[in-house]
Amino acid sequence: MERKDVDHTVLSRRNFLVGAAAGTAGLAAASLIGGCSSPQSSSDDEAPQDEGAAIPDEFTDGIYLTKAVSMHGPINVKTVIADGKIAEVTVLNNRESYVIGEAAVGAMPQRIVESQCVDVDCVTGATLTSMAIRDAVSQAITNAGGDPRDFQGYTAQEPQKSEIERECDVAIMGAGMAGLMAAWRLAENGKSVLIFEKMPYVGGCMPITSTAWNAQDTIIQKAWGTDQIFEAWSSVEAQLASYRDGRIEADSPYYNPDMPFITPMFDAARDATDMMINIGVGFCPISDWPAPQLAPGAFSIGGKFCLDIVKNYLTYRLGIEIITEAPVKELVIDGDAVRGFVAEGADGTTYRVSSKAVMLASGGYISNRELMEQYQPEELKFPLMGPPWATGDGLLLGQEAGAALETMDQGVTSHYSGAVSHAEISYIHYVCPGVVVNGSGARFVSESMEYKQALRVFKDQETTDFYWVFDEISRQGMVPSGNSYRLDYTFLLETGDATEAGNYQELAEKLNLPDLVSTLDAVNECAANGTEDEFGNEKLRTMLVNGPMYAIKVTPTPYIAQGGLKVDPACHVQKEDGTNIAGLVPSRILRTFPTAS
């Protein structure tokens, strides 16, 4: 294809420097590779060019090492320029999530080399990682004396249209853990199942979490010994008691002391854990918690190996077909009953599925701007970092079938992200103990509060500037060997998220936090006297304020929006008047579901 004409008078190739992308959440559809021109072979005999080297006046062959910032920190990329073309792109190292991030790490270099375009489509669901790789290559082109705009003009090939009709007992929308486990149960009970997933991978939220698994009474915990597990995690009943004792607001209009929805959730989590253990999924204790709280596969790898085993078991052993990159577009309604759906594949195939029942297991709506403006407008003061697939598709389809909505007023769940890089740093408060302050340097929430609850307080502050402040002792927790989670947060010192100062007065001046000195003095006074602070904390630790001090600029990033379709404990989707919608079931894993009609 021919390149677009560009105006080179605006920026010269020497000053057109492409910065490392902090990234903005967006959804770019993955497409088949089109192309600008074919690549030529390269030689690795060229000496690599350092990022700080002088930029040549002409586009110069060589090996260029660059980096950009993505979801979980820097990505280091090698770009080989040969004969005036992009001959090779290699991601040297990265901190991106398994399953999702690795999809972009594997696909983007090939897309760029084959098309000779730096504006190729991002990998669906891995937008930030894809953008970081594109930006690193653009920077390499600039460092080679070229202009990234000469490598733009990507056009994807048009898919070939076709139609396929399919039949099954149950058609499932969404291949997250809810959809996968429901399909597993159904298939074991002799039902034929088809799963359609709009992303190019399965697992839903598991690949973007630390995979902490909230389950009690499992095989592994029984083997561990209940006397070795602290009380709140020792059994399902103990966990339910902890909910009754404060984890659920008793004055909520949705409060029910019998917990008809939470109880089967814990039962299902226990059963799902045992099912996976029995097919070879290894569950590892998280950190040094004495629970043990579990992670399938290993902590912080997104449950990759768990997903590999489960997916293979479902497809090869149980015969379940999982069709990815095929979003469900509409439900098939026959009279008052839902009897299938229509899905559209990325390859141009339209699937018309007839089924006895449809399960909507497509996730939430945090990434649907219109729904967020309607139901959670207060949260939009912060950047949304929810899963890109959480656009409320199942919710909207359910509404079209007559389903009512419920608990849409219960806010969102957030985690910490770096305010500069937007890198997710949810465990910073665990690995670097400290205090959180607002834009003036004053504390406004208890750091001992469960952090997901604490982050809800942030939206009530006038400022959107917040800092996590800690001393030199806590800084040791930024390196993997300094924390029990083996997390690496040292990149925050490179991205501008973290600020270092010689002491707390200097830190306050650098960040213009006029109340910070008196705030930390008050913390140390409480720690020295063993007295409570204004938030009821009794065990504040002394901060070494006259030595090196650090502050990470953080922001809450909402990633789960509460609410969804109205359902009952028997797993029926309901209308506003409480009547059931025939043939439609929600994304709930109940032991009774596989045998339900």
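Here are a few things to note about the model shown:
- Rolling a 1.4 Å probe across all protein chains gives Lys381 an accessible area of roughly 80 Å².
- Taking N as its residue count, the alpha carbon Rg of the range 137-263 over 2.2 N^0.38 Å: 1.77
- Cα shape, the range 71-139, gyration tensor, a/c 1.5 rule: prolate
- Ligands, DNA and RNA are left out, and with a 1.4 angstrom probe the accessible area of the chain is 44 Å² per residue.
- Look at the alpha carbon pairs under 8 Å that are at least 6 residues apart: their mean separation over the length of the range 355-498 gives a relative contact order of 20 percent.
- Amide H contacts of Ser70 (H built 1.01 Å from N, under 5 Å, at least 5 apart or other chain): Ile75
- Shape analysis of the range 283-427 based on the Cα gyration tensor places the equivalent ellipsoid semi-axes at 31, 25, 15 Å, largest first.
- Bins of 10 Å from zero: percent of alpha-carbon pairs in the range 351-394: 25, 42, 20, 11, 1
- Under Karplus coefficients 6.51, -1.76 and 1.60, residue-wise ³J(HN,Hα) of the range 227-236 in Hz, glycine/proline x: 6, 9, 10, 5, 3, 5, 10, 6, 7, 4
- Histogram of C-alpha separations across the range 460-561, 10 Å bin width, %: 14, 39, 38, 10, 0
- For Lys575, the aspartates and glutamates whose Cα comes closer than 13 Å to its Cα, not counting residues fewer than 8 places off in the same chain, are Asp336, Glu400, Glu406.
- Set of lysines with alpha-carbon distance to Lys191 below 22 Å, sequence-local pairs under 8 removed: Lys311, Lys356
- Alpha carbon centroid spacing (whole Å) that separates the range 161-189 from the range 88-120: 30
- Gyration tensor over the Cα atoms of the range 297-383: the corresponding equivalent ellipsoid has semi-axes (square roots of 5 times the eigenvalues, largest first) of 27, 25, 13 Å.
- Across the chain the C-alpha pair distances fall into 20 Å bins from zero in the proportions 18, 48, 30, 4 percent.
- The alpha-carbon atoms of the range 380-498 define a convex hull whose volume equals 135 cubic angstrom per residue.
- Percent accessible area from carbon and sulfur atoms, the chain, protein chains only, probe 1.4 Å: 47
The values are calculated or read from the model by the stated rules, or taken from the named source; none is laboratory data. Computed from a predicted model, the values in this text were never measured in an experiment. The accessibility values were calculated without ligands, DNA or RNA, using every heavy atom of the protein model including side chains. Shrake-Rupley method; radii C 1.70, N 1.55, O 1.52, S 1.80 Å.
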